[in-house]
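Written below as structure tokens is the structure these notes are about.
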Amino acid sequence: MFLWVVYVIWYQKLKYKLKNTFMKKVLLCTLILLGMMFSASAQTITFEETFESLTEPSLPAGWSSASTDPTAINLPWMGGDMPFSNALGFSGKTATIISSTTSDVLLISPEIALPAGSNYSLSFLIGRIEGQPDPLNNHYAVYVLPATSAFVNTAAPSLEEDISVTNVAIAKNVDLSAFAGQTVKIYFRQFNSSVSVSMLMLDTIRITRQQVLATSEVISDNQLGIYPNPASDYVFLKSKSKITKAEVFDIVGRKMNTGFNENRVDVRNLKSGAYMLKVTSENKTYSQKIIKK
């Protein structure tokens, strides 16, 4: 009850400090949302959470909040309907947390199935809300793990960064293609912040799917050749445009230690199994499942 009282007091104080900043953000936030709607129109939505179904202060069904240190006193992620959120670029209700320099709290999604044979992308809106400018940063990370795996603090994040700008919803995207064929959970972690007290808001979490070919030698639409596949030592690449980078990821999204030289990827040190090969050319990025024999 004490923590909820603190939350309410913070919200009431912040509401009045932000009053004069709304109109400055309206045009920018509208452009961000229109851009997200345009890019999503050509894709299939596999999963979406807008938080509109929640009842304050609870999170929607299937979502949960957990501290990485059960002995610590941290405010949890909660559901909120802030009257100023729309003017900042969010849409209606959001997931919200009051963060501090000591808080380390997870927002955990329900299980999400990502069928094989497609590329996947995670998008969301996130923003740090302040009553006045603050030179310090709010810090967060996004983790994608198999649904059967427990979260550990040493897990490799799919995205980790500081938020230095304030009072605007920021659109983010994370490539989830390496997780195709799995059922996963997404963890949003607020931690390691340098600002003493801040509000972090999250909204419009969406996973989109784009159909791709299954394991094959040639991706005809993209004019990219990948062979042999399966491979035991090297995977060779053939492209009409110059290939600038080739990376290999395991099924939980960890980058593997593989060498890339001109047109071949060295997979000799990989264990047998399925991996995701991400190839970047001069103007495109391709993701393709490969098999190490």
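Do we find that Thr148 is in contact with a Leu (Cβ under 9 Å, 6 or more places away or on another chain) and closer than 25 Å to Arg254 by Cα in this structure? Criteria not met by Thr148.
Of the residues making up the range 148-203, those that are over 17 Å from the mean Cα position of the chain (by Cα) and either outside the structural domain of Thr46 (by TED's automatic domain parsing) or β-branched (Val, Ile, Thr) (or both) are Thr148, Val152, Thr154, Val165, Thr166, Val168, Val195, Val197. Against the conditions (1) closer than 15 Å to Ile290 by Cα; (2) without any contact (Cβ under 8 Å) to a residue 24 or more places away in the chain; (3) out of contact with any strand residue (DSSP E or B) (no Cβ under 7 Å at 6 or more places or on another chain), Glu262 satisfies every one except (1).
When the residues of the range 86-110 are filtered to those that are farther than 22 Å from Gly62 by Cβ and among the small types (Gly, Ala, Ser), which remaining residue is surrounded by the fewest Cβ atoms within 10 Å (Cβ to Cβ)? In this case the residue turns out to be Ser100.
Being in a strand (DSSP E or B), of a type outside the set (Ser, Thr, Tyr) and within 14 Å of Val105 (Cβ to Cβ) is the filter here, so list the residues in the range 159-196 that pass it.
Residues of the range 159-196 that are in a strand (DSSP E or B), as a first pass: 159-163, 170-175, 182-190.
Next, from what is left, pick out any that are of a type outside the set (Ser, Thr, Tyr): 159-163, 170-175, 182, 184-186, 188-190.
Hits for the range 159-196 are Phe188, Arg189, Gln190.
Residues considered: Gly181, Gly117. Of these, the only one that is modelled with pLDDT of 90 or more, on the phi > 0 side of the Ramachandran plot, touching a strand residue (DSSP E or B) at 6+ places or on another chain (Cβ under 8 Å) and surrounded by fewer than 23 Cβ atoms within 10 Å (Cβ to Cβ) is Gly181. Within the range 242-267, take every residue that is loosely packed, with under 12 Cβ neighbours inside 10 Å and part of a loop (DSSP other than H, G, I, E, B) and give me the one that is modelled with the highest pLDDT. Within the range 242-267, the match that is modelled with the highest pLDDT is Asn257.
Within the option set Ala66, Ala95, Ala61, being at pLDDT 95 or above and assigned to a loop (DSSP other than H, G, I, E, B) holds for one residue only, Ala61.
The values are calculated or read from the model by the stated rules, or taken from the named source; none is laboratory data. Computed from a predicted structure; not experimentally measured. Glycine gets a Cβ as well: all are built from the backbone with ideal geometry, and neighbour counts include every protein chain shown.
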